[in-house]
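Only one structure is covered here, and it is reproduced in the block below.
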Amino acid sequence: MASNQSLSLSTLAALALTLVIAASTVTCTNTEAKQKAVGGIEPADLNDVDVQKAVDFAVETYNDLTKDPYVSKPIQVMSAGQQIVYGKNFYLKIKLGRTTCTKGQSVDLADCPFNEQPEKQERTICNFEVNAVSWENKITMTNFSCHSP
């Protein structure tokens, strides 16, 4: 009797293992579902309100952290990606240009013209990583690096 019970437990265990393996090897035939992997980085829509907030925050933080007396503003958002995590990570590549506005002025960045004087004209390309947790009203810069084009 004990050997029959051992045999059935072994059989059940083998059957359970087979079911687990079969379930985990099911492949997805839906192309859209394949492209959107959970936690994967996807292209972001530059017109999306959350992307615009991330761009504005990245540029504002950049201006706060640099020692340049002039503020910079985006010339072009070269690429934008997003990743769903606890909130969203935004991966932004932005070409920045130095404006004629100084950091001490209180003006809208949109109203600041780019500095066209050759000795004061500066262009920079930056890669920013921004994390936004909308339900906590929290946004932080997690990483950034810049270089001259």
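Picking from 78, 127, 107, whose Cα lies most toward the positive end of the charge dipole for region 41-147 (charges on Cβ: Lys, Arg +1; Asp, Glu -1)? Value computed over the given set: 127.
About the centre of its Cα atoms, region 27-149 shows a dipole size close to 280 debye [charges on the beta carbon of Lys, Arg (+1) and Asp, Glu (-1) only; nearest 20 debye]. Please say if region 41-147 is rounded, prolate or oblate, where rounded means a/c under 1.5 for a ≥ b ≥ c the square roots of the C-alpha gyration tensor eigenvalues, and otherwise the choice is prolate for a/b larger than b/c and oblate otherwise? Note, shape of region 41-147 comes out prolate. Each Lys and Arg adds +1 at its Cβ and each Asp and Glu adds -1 at its Cβ; summed about the Cα centre, region 67-139 shows a dipole of about 160 debye. Sorted on the mean count of surrounding Cβ atoms within 10 Å across their residues, most packed first, peptides 112-123, 67-78, 129-140, 86-97 read 86-97, 67-78, 129-140, 112-123.
All of the numbers you see were taken from the coordinates with simple rules; none came from a lab. On a predicted model such as this, the values are computed, not experimentally measured, just so you know. Using ideal geometry, Cβ is built from the backbone for each residue, glycine included, and neighbour counts are taken over all protein chains shown.
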